[in-house]
1. Please give the number of the condition residue 100 fails out of (1) within 10 Å of the ligand (Cβ to nearest atom); (2) within 21 Å of residue 262 (Cα to Cα); (3) free of Cβ contacts under 8 Å to residues at least 60 places away in the same chain.
2. Tell me, yes or no, whether the range 215-224 has at least one residue that is under 23 Å from residue 256 (Cβ atoms) and either within 16 Å of the ligand (Cβ to nearest atom) or assigned to a helix (DSSP H, G or I) (or both).
3. For the range 124-149, name all the residues that are more than 16 Å from the ligand (Cβ to nearest atom) and part of a helix (DSSP H, G or I).
4. Can you find a residue in the range 176-183 that is out of contact with any strand residue (DSSP E or B) (no Cβ under 7 Å at 6 or more places or on another chain), at pLDDT 95 or above and not in a helix (DSSP H, G or I)?
5. Residues that are surrounded by 14 or more Cβ atoms within 10 Å (Cβ to Cβ), away from the ligand (no atom under 16 Å from the Cβ) and within 24 Å of residue 12 (Cβ to Cβ): does the range 194-211 have at least one?
6. What number goes with the only condition from (1) touching a residue at least 12 places away in the same chain (Cβ under 8 Å); (2) more than 11 Å from the ligand (Cβ to nearest atom) that residue 10 does not pass?
7. Counting only residues that are away from the ligand (no atom under 16 Å from the Cβ) and loosely packed, with under 14 Cβ neighbours inside 10 Å, which one in the range 150-193 is farthest from the chain's Cα centre (by Cα)?
8. Tell me, which residue of the range 13-34 that is within 16 Å of the ligand (Cβ to nearest atom) and under 13 Å from residue 47 (Cα atoms) is surrounded by the fewest Cβ atoms within 10 Å (Cβ to Cβ)?
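The values are calculated or read from the model by the stated rules, or taken from the named source; none is laboratory data. From a predicted model like this one, the values you see are computed outputs, not experimental measurements. Here the Cβ is made from the backbone with ideal geometry for all residues, glycine too, and neighbour counts use every protein chain on show.
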Ligand SMILES: NC(=O)c1ccc[n+]([C@@H]2O[C@H](COP(=O)([O-])OP(=O)(O)OC[C@H]3O[C@@H](n4cnc5c(N)ncnc54)[C@H](OP(=O)(O)O)[C@@H]3O)[C@@H](O)[C@H]2O)c1
């Protein structure tokens, strides 16, 4: 069942991506999406580019919508939940996208009426290819989750996480990870250009290699962890690179970055 109106409180980067994804999926018309934000200029810009309706306040947004995404920064989530509490009613669904903030904290601020869950998507929602970690507590069984899957699957692939404590690591692996992948791409671009290749050509080749690698890895019979060894031939060109990365502790450095991202998600939850 398609919700009649879907609201976004906070109309920033992530909300933009999700709104674009919902509209291009055809699941929602722009007029079925309502946005509110403290920044009027941003509201106008999103309205002009994507067409959602503007609510004059978060409370008005909550009054109009069956489904509400809380899409402001983590520190704003509880104050926003307290602000919209008077509009909460049974049958409403509130989905927080904020890193860190627990379902219990959001529910405590909203009161008992709405259904509450949290997700960790990423910016690929804009092209309907987000990876979405979903946490819902035991108050929601699989049947109750079906409409939530139906909605979210319009903008990506949904993975249910059963232990909320793991959402911080999911934040590193899903929400933040596109930055890490394209950071690696920056190194590839810069290397290709340093070798005299045109930047556009290098960028296209890197994207093609990323897409091809994902497709190849998906059908490989080897688990993803050790799969890279399949590309390595003893004494070959790939090994020349992987041996250097190994010597320099590349994997450890990368893992440490993920651990810091996870730790930051936990800190944001405490704030
Ligand atoms: N960006 C990502 O890739 C990503 C991925 C996964 C999850 N998330 C989560 O998504 C949330 C939003 O991130 P973002 O990157 O989209 O941030 P953003 O671009 O800064 O957008 C947040 C928007 O919310 C507005 N806002 C602040 N206080 C508000 C209030 N009281 N009521 C309504 N709107 C308010 C902000 O306005 P001002 O700028 O004027 O404060 C801003 O326009 C965060 O909780 C983050 O953890 C983000």
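1. Of (1) within 10 Å of the ligand (Cβ to nearest atom); (2) within 21 Å of residue 262 (Cα to Cα); (3) free of Cβ contacts under 8 Å to residues at least 60 places away in the same chain, only one is false for residue 100: (3).
2. No, the range 215-224 contains no residue that is under 23 Å from residue 256 (Cβ atoms) and either within 16 Å of the ligand (Cβ to nearest atom) or assigned to a helix (DSSP H, G or I) (or both).
3. Selection gives 142, 143, 144, 145, 146, 147, 148, 149.
4. For the range 176-183, residues out of contact with any strand residue (DSSP E or B) (no Cβ under 7 Å at 6 or more places or on another chain), at pLDDT 95 or above and not in a helix (DSSP H, G or I): present.
5. no
6. In the conditions (1) touching a residue at least 12 places away in the same chain (Cβ under 8 Å); (2) more than 11 Å from the ligand (Cβ to nearest atom), residue 10 misses (2) alone.
7. Only one residue tops the list, namely 191.
8. Here the residue is 20.
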